[in-house]
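Beneath this line is the structure, given in structure tokens, with notes to follow.
Read the figures in this text as sums done on the coordinates, not as results from a lab. Computed from a predicted model, the values in this text were never measured in an experiment. Please note: Cβ atoms are built from the backbone with ideal geometry, for glycine as well, and neighbour counts cover all protein chains shown.
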């Protein structure tokens, strides 16, 4: 049960990562590798500030701002200096590796002895429920774990609502159109470059927020924690799209990203429980995303051949 | 009467100094009065689409200046010029964002050149307005404004693009062979709609076309381009008397003169070199 709760919580926290990847990959059609650096950046900034005594909520907001900044750097390199989007992301990701080490001062910052959003949520939960353990469908569960889960759920829902409403505004609608047809957006008098920069900034802000929450949940920030996270985010987005049937509706796509992230984390937890070597996890994630990208086209081809 | 659009000595060479050098515009001068509906004609490579893109700001000129509605827009980027200019492209896919709904596409059009904020893109007034105006297209699209625009046919998309380009009255409307990619029936529909909108709103319009028939039927002025220059400029009574055959003759005339030039040059080269 604890395992299940943990998987759900991490899935919900990483759904913010999935939403960020959705914004850059699906709305702007940019596979943005800055992700690997900015999720670590979010964790590093939040952990370092918390250890320094800054309230966890402020530290988390600072992490979001740092991710926003990292994304806008990628955006500026891509649009103003005309460097390929993929390469821009690689450049910023590489630079962020050093920056993250600078921010933390070492490769790992433990948060075990500090108050975090997770410990705050846990304490609040124990106070509200009045006991350290509660029964969920007959299973005894730590009240702290349960309230952290609800905290993560609240973060995911608030994040999704913010993204949803933002992309329904005048600016947000124009930004969605930018990924769709930049020529048309220019003809409608909007500055495509500024929208691209802002879109990548928003995406990485979400991703850094996800990193900040993850660090507080797992109790440490680590320089290596971002490796392969963009592929992880893609996997979540792709599962989400499969769940929602490839709809174009923004609300459903976002809901799909949340469910995709949680489901993917659950699948991984189950696989690890069954004895999957954790070292193989990234390989399997990559193969999964590759298959998900290639299979629909392949199946279509086979169908046409047989008819 | 002052001109709405003044083009002075426009020059543009692409890929200068390479084997692919194209001297697309070679000193174009053109004045267009307010409310004039001008047809641009010319053979492939005559520079008509390039001229339209130069006015729209798809690239910057090597030389020359563009004034529109009293503003020098020569150095303005494309999205700034969009404040004054409405455009419909040859490709029906170019003018709309396919994954956005019809309503959302029009929400974009309703803010052309006005700047965008954090207000809702869609509101009741816009939607009511939109249904009423889309109904005038008589395509039954007013009940489908929440559908993705990518699900519509080329003709429907082009009609909607035209409506979007003129949703806020532009100082200048640019139509770049906007019926060339459509089937004949849709093309007729869109042309009819073009005529309706342009004459109702008294829009200053530059339209590129391949069709002599369209050029003769529409508007009050025909400008023929050849090799990046204005070859003929017909208006008033000259334009009204014109038949498609006359236009074809003019083209033959240009071709003949050109061949003659080449042959004369050949002759001179043969006899003197």
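Can you compute the FRET efficiency between residue A:304 and residue B:23 using 1/(1 + (r/R0)^6), with r the Cβ-Cβ distance and R0 = 60 Å? Round to the nearest 0.05. Show your work: numbers first, answer last.
Numbers: r = 47 Å, r/R0 = 0.78.
Calculated value: 0.80.
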How compact and how long is the protein assembly as shown, expressed as Rg and Dmax of its alpha-carbon atoms in Å? 29.9, 110
Roughly what % of DSSP beta bridges within the protein assembly as shown run antiparallel, to the nearest 5? 65
Residue B:183 label point, 7 Å along Cα→Cβ, cut-off 16 Å on backbone N: hits in the range B:144-164? B:152-159
State the Cα centre-to-centre distance between the range B:164-228 and the range B:1-42 in whole Å. 17
Checked chain B against the a/c 1.5 cut and the a/b vs b/c comparison, axes a ≥ b ≥ c from its Cα gyration tensor; verdict prolate
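Any chance you could run the full-extension gain for residue B:71 through residue B:241? It's 0.36 nm times the residue separation minus the Cα-Cα distance, nm to one decimal. Present the calculation step by step, with values, prior to reporting the outcome.
Working: separation 170, 0.36 × 170 = 61.20 nm, distance 3.49 nm.
Stretched fully, the residue B:71-residue B:241 segment lengthens by 57.7 nm.
Inside 10 Å of the C-beta atoms of B:89-98, what's the mean count of C-beta atoms belonging to other chains? If you can, show how the numbers build up before the last one.
Details: counts 3, 0, 1, 0, 3, 4, 5, 4, 13, 5.
That works out to 4 on average.
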Spin-label pair residue B:146/residue A:281, simplified geometry with 7 Å Cα→Cβ offset, distance in nm: 4.1
What is the Cα coordinate range of the range A:2-225 on the first, second and third principal axes, sorted by size from largest, in whole angstrom? 61, 38, 26
What shape does the range B:161-273 have by the C-alpha gyration tensor, where a ≥ b ≥ c are the square roots of the eigenvalues, rounded means a/c under 1.5, and otherwise prolate means a/b greater than b/c and oblate the rest? prolate
Two-site label geometry, residue B:252 and residue A:80: point separation in nm, points 7 Å out along Cα→Cβ: 5.9
Test of understanding: in a Gaussian network model of chain B with alpha carbons linked when under 10 Å, which of B:84, B:203, B:260 would top the mean-square fluctuation ranking? B:260
Please work out whether the range A:1-47 counts as rounded, prolate or oblate from its C-alpha gyration tensor, where a ≥ b ≥ c are the square roots of the eigenvalues and a/c under 1.5 means rounded, while otherwise a/b larger than b/c means prolate and anything else oblate? oblate
Could you tell me the distance between the Cα centroids of the range B:83-124 and the range A:126-187, to the nearest Å? 29
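Stretch residue A:267-residue A:123 to full length: gain in nm at 0.36 nm per residue minus the Cα-Cα span? The partial results should precede the final answer.
Details: separation 144, 0.36 × 144 = 51.84 nm, distance 2.94 nm.
Net length gain for the segment: 48.9 nm.
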Using all alpha carbons of the range B:1-160, what is the percent of pairwise distances in each 5 Å bin, ordered from the shortest bin to the longest? 2, 7, 14, 16, 16, 14, 13, 10, 6, 2, 0, 0
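Helix-only mean residue ellipticity at 222 nm, chain B, DSSP H runs n ≥ 4 weighted -39,500 (n - 2.57), per residue, nearest 500. What is it? Can you show the working numbers first?
Details: 9 runs with 104 residues, N = 273.
Only helices count here, giving -11500 deg cm²/dmol.
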Where labels lie 7 Å past Cα in the beta-carbon direction, separation of residue B:44 and residue A:154 in nm: 6.6
If you line up the long axis of helix B:244-272 against the longest principal axis of chain B, both from Cα atoms, how many degrees apart are they, to the nearest 10? 40
DSSP bridge orientation in chain B - percent antiparallel, rounded to nearest 5: 60
For chain A, what is the mean residue ellipticity at 222 nm derived from helices alone (per DSSP H run of n ≥ 4: -39500 (n - 2.57); sum divided by total residues; nearest 500 deg cm²/dmol)? -25500 deg cm²/dmol
